[in-house]
Amino acid sequence: MAKKEETVSFLDAFTEFKGQRDNIDRATMISVLEESFRSVIAKMFGTDENYDVIVNPDKGDFEIWRNREVVADEDLINPNLQISLTDAQKIDTDYEIGEDVTDEVNFASFGRRAILTLRQTLASKILELEKDSLYNKYIDKVGTIVTAEVYQIWKKEILLLDDEGNELLLPKTEQIPSDFYRKGETARAVVARVDNKNNNPKIILSRTSPVFLERMLEMEVPEINDGLITIKKIARIPGERAKIAVESYDDRIDPVGACVGVKGSRIHGIVRELHNENIDVINYTSNPQLFIQRALSPAKISSIHLDQENRKAEVYLRPEEVSLAIGKSGLNIKLASMLTEYTIDVFRELDANEEDLDIYLDEFKDEIDPWVIDAIKNIGIDTAKGVLNAPREMLIDKTDLEEETIDNVLDILAAEFEKN
């Protein structure tokens, strides 16, 4: 009766195990179950080498067979590895000393502790297997877009569940500032990385990564997916603005037009997904001057002076073009710098007569603190006109001076030229 009850108990356990582990192949399932049995046997007897474990997870049954050597009754030392001649002949009268006896073992006879140990061992191995399976699944998905359901919302991150119930994390730092989700809604993001500290995999998603925008473009623009158009570079300020440089190897294909689509049909879906993030698509070129010019669009540049060794560019524009080059809150010039990988300084273009009237900053030491003058000179501007023709936002950003200090300097310098 005990064996029947124990068989039913393990049949239920196997059925539950099989039902919940559809992603585990048959061979791995059998191996895990067999290893669990062997682990318990080894703990009990010191070895499992003389045992054969046969598992059939489809039916939920198992068999354990023990192999022992027949010895004379008085030579019996280890009942696990040996069987006395008397006991062997009770099984079959033909057994003789030195032969091997194989008999089936009732696992229930090992006691409740063995059964509990088996369940704990099996649970531990299954958990380890699940972690390995989760890691292997998502390490291959790094850089791809996934869609998952919002399950829990915390202050610093969102917990999502994929179709198989696996947990995915979307940190606050990887969310677009205007992202807002409720429990039960779905979210799309790119798999940014898979952390596996102490064999505890964590799948980290991102909606702010340039890769997310790149994958969205591949989904919306068939020519990119087909390899006819290549995305060369992407610069993003998530939720605000992005610049994308694209190139086509087929002269018949306009890469910018293909990405934008008729009346913006292809780009609109991406813009909505990114909460109205403004996306500029430009033609890529290996010519740095032309690339910088395109990156600063819609501003029209008068001239560019490049320092390729230090990757710096001085861009000169007519006064009315400066604000376009800088953009709202400095976004345009910041993205252009990110895209081209050049530090870009913008200057207003001066007439020859204006340049002749310029004054060195050192002449204003009576009105402007020397340390303020030094801070301005350290960014490469040493004349009054140079300061007045540099954008105010750039001066604040590069000198790290207070806005009030910069405004005071601008007022002093402007007043000097008004006198003349």
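The values are calculated or read from the model by the stated rules, or taken from the named source; none is laboratory data. All of these numbers come straight from a predicted model, not from anything done at the bench. Because the Cβ atoms are built from the backbone with ideal geometry, glycine has one as well, and the counts that use them run over all protein chains shown. In case anyone asks, the SASA skips ligands and DNA or RNA and just uses the protein heavy atoms, side chains included. Shrake-Rupley method; radii C 1.70, N 1.55, O 1.52, S 1.80 Å.
Observations
- With the charge dipole of the range 134-201 set up from +1 on Lys and Arg Cβ and -1 on Asp and Glu Cβ about the Cα centre, the Cα lying farthest toward the positive end among the listed residues Asn199, Asn136, Thr186 is that of Asn199.
- Here's how it looks for Arg241: its modeled amide H is under 5 Å from those of Asn278, which are all 5 or more places away or on a different chain.
- Percent breakdown of C-alpha pair distances by 10 Å bin, ordered from the shortest bin, for the range 153-307: 10, 33, 30, 19, 7, 1
- Förster radius 25 Å - calculated FRET efficiency between Leu324 and Asn287 (Cβ-Cβ, nearest 0.05): 0.70
- Antiparallel %, DSSP beta bridges [both residues in the chain], to 5: 70 percent
- Ranking Ile381, Asn310, Tyr284 by Cα position along the charge dipole of the range 282-420, where only Lys, Arg, Asp and Glu carry charges on their C-beta atoms, puts Tyr284 farthest toward the positive end.
- Alpha carbon centroid spacing (whole Å) that separates the range 130-146 from the range 193-250: 17 Å
- Scanning the chain for DSSP H helices at least 20 Å long along the axis (C-alpha atoms) with a Kyte-Doolittle mean no lower than -1.0 picks out 2-20, 26-45, 112-139, 403-419.
- Summing Cβ point charges (Lys, Arg +1; Asp, Glu -1) relative to the Cα centre of the range 276-420 gives a dipole of roughly 880 debye.
- Gain on full stretching of the segment that runs from Ser297 to Asp411 - 0.36 nm per residue minus C-alpha separation: 38.0 nm
- Three-way shape label, the range 282-324, alpha-carbon gyration tensor, a/c 1.5: oblate
- Max mean-square fluctuation residue, GNM over the chain, Cα-Cα springs under 10 Å, options Glu277, Glu96, Glu320: Glu96
- Computed E for Asn198/Met44 - FRET, C-beta separation, R0 30 angstrom, nearest 0.05: 0.50
- For the range 148-242, trypsin sites (Lys or Arg not before Pro) meeting the loop criterion (DSSP other than H, G, I, E, B) and having at most 11 other Cβ atoms within 10 Å: Lys155, Lys156, Arg182, Lys183.
- Summary value for the range 197-256: 23 percent relative contact order, contacts being C-alpha pairs under 8 angstrom separated by 6+ residues.
- Heavy-atom accessible surface of the chain, averaged per residue, reaches 56 Å², computed with a 1.4 Å probe.
- In the chain, Cα pairs under 8 Å separated by at least six residues give a relative contact order of 7 percent.
- Dimensions of the chain along the principal axes, based on C-alpha atoms and rounded to the nearest Å, stand at 127, 54, 41, largest first.
- With loop membership from DSSP and a limit of 10 other Cβ atoms within 10 Å, the longest segment of the chain without chymotrypsin sites (Phe, Trp or Tyr not before Pro) is 250-420.
- Derived scalar couplings ³J(HN,Hα) [the range 75-84; Karplus, 6.51 cos²θ - 1.76 cosθ + 1.60; whole Hz; x for Gly, Pro]: 9, 5, 10, 10, x, 6, 9, 10, 9, 5
- For the range 94-169, with all protein chains in place and a probe radius of 1.4 Å, 46% of the accessible heavy-atom surface sits on carbon or sulfur.
- Each residue of the range 155-162 was assigned a 3J(HN,Hα) from its phi angle through the Karplus expression (A = 6.51, B = -1.76, C = 1.60, θ = phi - 60°), giving 5, 9, 6, 10, 9, 10, 10, 7 Hz with x at Gly and Pro.
- FRET efficiency for Ile115 and Ile253, using Cβ-Cβ distance with R0 set to 60 Å, rounded to 0.05: 0.30
- Within the range 84-112, backbone nitrogen closer than 16 Å to the virtual label 7 Å beyond the Cα of Asp75 toward Cβ: 84-89, 95-101
- Neighbours of Gln120 by Cβ distance under 14 Å: Lys/Arg scored +1, Asp/Glu scored -1, total +3.
- The string of couplings for the range 193-209 from the Karplus curve (6.51, -1.76, 1.60, θ = phi - 60°) is 6, 10, 7, 9, 6, 6, 6, 10, x, 10, 8, 9, 9, 8, 10, 9, 5 Hz, one whole number per residue in order, with x for Gly and Pro.
- On full extension, the segment bounded by Thr93 and Asn136 gains 10.0 nm, given 0.36 nm per residue less the C-alpha separation.
- The Cα center of the range 371-420 and the Cα center of the range 251-306 differ in position by 33 Å.
- Taking the empirical scaling 2.2 N^0.38 Å for compact globular proteins as reference, the range 317-420 has a Cα radius of gyration ratio of 1.09.
- Full extension of the chain between Asn276 and Asp358 gives 25.1 nm of extra length, using 0.36 nm per residue less the Cα-Cα distance.
- All lysines inside 17 Å of Lys183 as judged from Cα atoms, apart from same-chain residues fewer than 8 positions distant: Lys155, Lys156, Lys172
- Build a GNM of the chain with springs between Cα atoms under 10 Å apart, and of Ser297, Ser286, Ser209 the one that fluctuates most is Ser286.
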